[in-house]
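The next block holds one structure in the form of C-alpha cells; read it before the comments.
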Amino acid sequence: MDLVKTPCIISHLTRKLSVLDFLQNKPVIEPKPDLVKGIREALLRHLSAVLGHDDVAAHFMLLHLLSK
C-alpha cells in the first residue's frame, strides 16, 4: 500500500494592524539586500520544516504572512 504525502496547513491567529501602528514608530533604516535574502531563506527553511518539508507550502505561507 502506497502512502501519499498530503500537505498540512496550520492555522494561526492574526490581528489587523491600523495605520497608526506604522506611524508611531520612527523610520527604520533599510537593511542591506544580502541581509534580507538571508532572513528570507531562514524563514523559508523554518516554515518548510514546520509544514512537513513542503517548500511550496512554505513559499505560500510566507507570501500570505507578508500580505497581511
task = Considering only residues that are assigned to a helix (DSSP H, G or I) and touching a helix residue (DSSP H, G or I) at 6+ places or on another chain (Cβ under 6 Å), look in segment 44-61 and name the one that is farthest from Ile9 (Cα to Cα).
result = Leu44
remark   = Over segment 28-37, the set of residues more than 16 Å from Ala58 (Cβ to Cβ) and surrounded by 10 or more Cβ atoms within 10 Å (Cβ to Cβ) is Pro31, Leu35, Val36
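Every read-out reported here was derived from the displayed coordinates using simple, explicitly stated rules and does not represent laboratory data. Note that the coordinates shown come from a computational prediction; the quantities given were computed from them, not determined experimentally. Note that we place each Cβ from the backbone using ideal geometry, even for glycine, and neighbour counts take in every protein chain shown.
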